[in-house]
Amino acid sequence: MKKIYLTLTAVFVAAFVFNLSSAFAQDDATKIVPYLCKTWQTEEVFLNGKAVDPQDITEIVVTFNEDGTYKYWEENEPDDGVWILENNGTRIVFDKGTSDEMFYDILLLEAAKLEVKFSYEKKSYKYTFKPKQNQ
């Protein structure tokens, strides 16, 4: 009987800790949304660890909306879709579950700066965004 009591206690404690950590993870992601939801433009670009000359940077503009939609613009080619936060608010996933799925790992998020990294076509990128002026 004592074994059953200890087992049940362990199960309840584990369930409580799991739910508590999930609540904190949800809370962290919720706190991020107000900082993230705005229009951002590229300020710096690193390709495979090397800074790209500022004159060679293609302007990339991305708008994250609170309703989970985004608009993306690069070289006069607009795109849009849906985004979500994962990994306790440290990853932005674009168009999850589709052939266009892509993600940014958030390195830094402040009111005036967003740094992300991602890989695409066997290349690694790091973008630093700033809020776009005159939206």
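The values are calculated or read from the model by the stated rules, or taken from the named source; none is laboratory data. These figures come from a predicted structure and were not determined experimentally. Note that we place each Cβ from the backbone using ideal geometry, even for glycine, and neighbour counts take in every protein chain shown. The accessibility values were calculated without ligands, DNA or RNA, using every heavy atom of the protein model including side chains. Shrake-Rupley method; radii C 1.70, N 1.55, O 1.52, S 1.80 Å.
Worth a mention:
- Sequence of SER124, SER99, SER119 from largest to smallest accessible area, 1.4 Å probe: SER99, SER119, SER124
- Percent accessible area from carbon and sulfur atoms, the stretch 37-135, protein chains only, probe 1.4 Å: 44 percent
- Seen from SER124, the other residues with C-beta closer than 12 Å to its C-beta sum to a net charge of +3, counting Lys and Arg as +1 and Asp and Glu as -1.
- Non-local lysine pairs in the stretch 39-135, meaning eight or more places apart or on different chains, with alpha-carbon distances under 18 Å, amount to 13.
- Peptide packing: for 51-58, 67-74, 39-46, the average count of neighbouring Cβ atoms within 10 Å per residue gives the ranking 39-46, 67-74, 51-58, highest mean first.
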